[in-house]
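Visitor: Submitted below is the structure of interest, expressed as structure tokens.
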Amino acid sequence: MSLAEDFFSGEGHSVGVAQLIMTLRSRGITDQRVLAAMEFADRGLFVKGHFADQAYEDCALPIAYGQTISQPSVVAMMTQALEVESTHKVLEIGTGSGYQAAILARLCRRIYTIERHRGLATDAEQIFQHLVLRNVVQIRGDGSHGLPNVAPFDRIIVTAAAEDPPGPLMAQMKVGGIMVIPVGAEGTQTLIRVRRLEHGYDYEELMPVRFVPLVEGTSND
């Protein structure tokens, strides 16, 4: 029995997903495409071990290598703010568990997702395969530099906090493109939306958040 088949054979997942979607609606998530994508990318597949019974709670949870799987309402807000269309090419910095990438894969034409930890990248790739997400390109590397050889991107999402939006990522946005990124030091972070204009950028503050820091380089694991 596959990972996905083993999980979906349980009785609790459908109830948990339904409850989570209701929670997201109550917290201001109105985009029906985003809600449908989050229903598809069942969070229970991405939360393992001691925290599996909390998969459908609206809270961030620890995963391997000192990283986290983000709070579902924050994931939903970031996804909604990204305004993804079906023709878009998306770049994600920080694959982590793969939860955010799996959601975006249901909304865009292709998503490139970069992870610095080999173990996380491998585990996420396994889930992408079980969900038959053929438009996800998993890359192990230094996300702070983006993917200049694949740029420009319609949308960029960063799931780790930087002091300022990284210059290389800004440069890899198309004119008219959007980047959603948490910025600031630990404890004082703000989620912002950056739009690339014909001449310059427009910045919009969305909400206070708390993310792990964006780290340059790749890990040794």
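The values are calculated or read from the model by the stated rules, or taken from the named source; none is laboratory data. The structure displayed is predicted, hence computed values, not measured ones. Heads up, the Cβs are rebuilt from the backbone with ideal geometry, glycines too, and the neighbour counts pull from every protein chain shown.
Visitor: Can you confirm whether C108 is farther than 22 Å from G176 by Cα and out of contact with any Phe, Trp or Tyr (no Cβ under 9 Å at 6 or more places or on another chain)?
Guide: So C108 does not fit the description; no.
Visitor: Let me ask you something else. For V75, which of the numbered conditions (1) surrounded by 19 or more Cβ atoms within 10 Å (Cβ to Cβ); (2) farther than 25 Å from L206 by Cβ; (3) free of Cβ contacts under 8 Å to residues at least 40 places away in the same chain fails to hold?
Guide: The single condition V75 does not satisfy is (2).
Visitor: Given the options I181, I156, name the one that is in contact with a Gly (Cβ under 9 Å, 6 or more places away or on another chain) and surrounded by 12 or more Cβ atoms within 10 Å (Cβ to Cβ). Outline the logic, then answer.
Guide: Numbers: I181 fails: in contact with a Gly (Cβ under 9 Å, 6 or more places away or on another chain).
None of the other options fit; the residue is I156.
Visitor: Here's another thing I want to ask about it. Scan segment 193-202 and tell me whether some residue there is touching a Ser or Thr at 6+ places or on another chain (Cβ under 7 Å) and at negative phi.
Guide: Initial filter on segment 193-202 (touching a Ser or Thr at 6+ places or on another chain (Cβ under 7 Å)): none.
Taking every residue of segment 193-202 in turn, none turns out to be touching a Ser or Thr at 6+ places or on another chain (Cβ under 7 Å) and at negative phi.
Visitor: Something else about it: Find the residue count for segment 169-221, including only residues that are of a type in the set (G, A, S), farther than 15 Å from T159 by Cα and either touching a residue at least 60 places away in the same chain (Cβ under 8 Å) or out of contact with any strand residue (DSSP E or B) (no Cβ under 7 Å at 6 or more places or on another chain) (or both). Break it down stepwise before answering.
Guide: To start, the set of residues in segment 169-221 that are of a type in the set (G, A, S) comprises 171, 176-177, 184-185, 187, 200, 217, 219.
With farther than 15 Å from T159 by Cα added as a condition, the list becomes 171, 176-177, 187, 200, 217, 219.
Imposing the further condition that a residue be either touching a residue at least 60 places away in the same chain (Cβ under 8 Å) or out of contact with any strand residue (DSSP E or B) (no Cβ under 7 Å at 6 or more places or on another chain) (or both) reduces the set to 171, 187, 200, 217, 219.
Qualifying residue count, segment 169-221: 5.
Visitor: So which residues in segment 159-172 are outside any loop (DSSP other than H, G, I, E, B) and surrounded by 18 or more Cβ atoms within 10 Å (Cβ to Cβ)?
Guide: Going residue by residue through segment 159-172, those that are outside any loop (DSSP other than H, G, I, E, B) are 161-162, 167-171.
Across segment 159-172, the qualifying residues are A161, A162, L169.
Visitor: Select from segment 80-98 the residues that are surrounded by fewer than 24 Cβ atoms within 10 Å (Cβ to Cβ) and either hydroxyl-bearing (S, T, Y) or at pLDDT below 95 (or both) and list them in ascending order.
Guide: S86, T87
Visitor: Could you check segment 128-163 and list, in sequence order, the residues that are farther than 23 Å from M38 by Cα and without any contact (Cβ under 8 Å) to a residue 12 or more places away in the chain? Reasoning before the result, please.
Guide: Taking segment 128-163 first, the residues farther than 23 Å from M38 by Cα are 140-152, 162-163.
Listed by number, the list holds a single entry, N149.
Visitor: Six or more apart or on different chains, Cβ atoms under 7 Å: show the pairs whose first residue is in segment 79-108 and at positive phi and whose second is assigned to a helix (DSSP H, G or I).
Guide: Matching pairs, first to second residue: G94/G143; G96/L120; G98/A124; G98/I127; G98/F128.
Visitor: Follow-up. Out of everything in segment 38-70 that is within 15 Å of the chain's Cα centre (by Cα) and of a type in the set (G, A, S), what residue ends up being nearest to V15 (Cα to Cα)?
Guide: Per the criteria, the residue is A41.
Visitor: Please go through segment 17-35 and pick out each residue that is under 17 Å from A81 (Cβ atoms) and of a type outside the set (V, I, T).
Guide: Keep residues of segment 17-35 that are under 17 Å from A81 (Cβ atoms), which gives 24-25, 27-35.
Within segment 17-35, L24, R25, R27, G28, D31, Q32, R33, L35 meet the criteria.
Visitor: If you don't mind, another one. All but one of (1) surrounded by fewer than 19 Cβ atoms within 10 Å (Cβ to Cβ); (2) modelled with pLDDT of 95 or more; (3) small (G, A, S) hold for A37; which doesn't?
Guide: (1)
Visitor: Which of the residues that make up segment 184-194 are of a type in the set (A, V, I, L, M, F, W, C) and loosely packed, with under 14 Cβ neighbours inside 10 Å? Step through it out loud before you land on a result.
Guide: Within segment 184-194, the subset of a type in the set (A, V, I, L, M, F, W, C) is 185, 191-192, 194.
Passing the criteria: only A185.
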